[in-house]
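Trainee: This structure is in structure tokens; I'll ask about it shortly.
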């Protein structure tokens with residue numbers, strides 16, 4: 001009888017004590033390690049969010065890439081380096097507003113893109 005009480009008491013206690021470990025692991029492998037949809041622009045590492053060349057953003061991005069810059073993904077004014085630079089769709093969507101599916105790196109500075117699609121730019125809300 002005494003052994004049964006000890007076993008019945010120790011199992012829930014072990015589960016309760018292991019919860020913080022599981023929670024910490026889930027947080028560690030949470031949001032940054034899964035494919036998510038992001039909306040933004042394909043740009044280059046020289047210009048980032050603001051293109052400096054006259055003309056359209058596509059021409060500026062392709063010219064900068066030709067001169068040695070890397071592709072970046074810009075969303076909400078922040079530029080993320082693209083890990084898979086040889087993705088063929090990057091040249092196709094250079095300077096365009098896109099929807100990507102991607103996985104952010106653990107440090108949050110780069111993104112690995114798995115899919116790129118064209119996206120409509122949202123209308124800017126006018127202040128009243």
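Trainee: Pulled fully out, how much extra length does the chain show between residue 3 and residue 34, if you take 0.36 nm times their separation in residues and subtract their Cα-Cα distance? Display every interim value, and only then the final one.
Mentor: Working: separation 31, 0.36 × 31 = 11.16 nm, distance 4.48 nm.
Additional length available on full extension: 6.7 nm.
Trainee: Let me ask you something else. How far, in nm, would the chain grow between residue 91 and residue 120 when pulled straight, counting 0.36 nm per residue and subtracting the alpha carbon separation? Mind dumping the intermediate values first?
Mentor: On the way: separation 29, 0.36 × 29 = 10.44 nm, distance 1.83 nm.
In short, 8.6 nm is gained.
Trainee: How big is the equivalent ellipsoid of segment 35-118 along its three axes, where each semi-axis is √(5λ) from the Cα gyration tensor, reported in whole Å from largest to smallest? Each step should come with its number before you reach the end.
Mentor: Working: eigenvalues 74, 31, 28 Å².
Equivalent-ellipsoid dimensions as semi-axes: 19, 12, 12 Å.
Trainee: Moving on to the next point. Calculate how many DSSP beta bridges within segment 35-118 are antiparallel, expressed in % of all such bridges and rounded to the nearest 5.
Mentor: On the way: 21 of 23 bridges.
Close to 90 percent.
Trainee: Points 7 angstrom from Cα along the Cβ direction at residue 45 and residue 15: gap in nanometres?
Mentor: 5.1 nm
Trainee: Moving on. Can you order the peptides 59-69, 38-48, 111-121, 2-12 by their average number of other Cβ atoms within 10 Å per residue, highest first?
Mentor: Numbers: 59-69: 16.3, 38-48: 20.1, 111-121: 14.7, 2-12: 8.9.
Sorting 59-69, 38-48, 111-121, 2-12 by mean packing, highest first, produces 38-48, 59-69, 111-121, 2-12.
Trainee: Follow-up question, since we're still on this one. In whole percent, what relative contact order does segment 35-118 give with Cα contacts below 8 Å and a gap of six or more residues?
Mentor: Details: 168 pairs, mean separation 30.2, N = 84.
The value is 36 percent.
Read the figures in this text as sums done on the coordinates, not as results from a lab. The shown structure was predicted, so the numbers you read here are calculated from the model rather than taken from an experiment. Note that we place each Cβ from the backbone using ideal geometry, even for glycine, and neighbour counts take in every protein chain shown.
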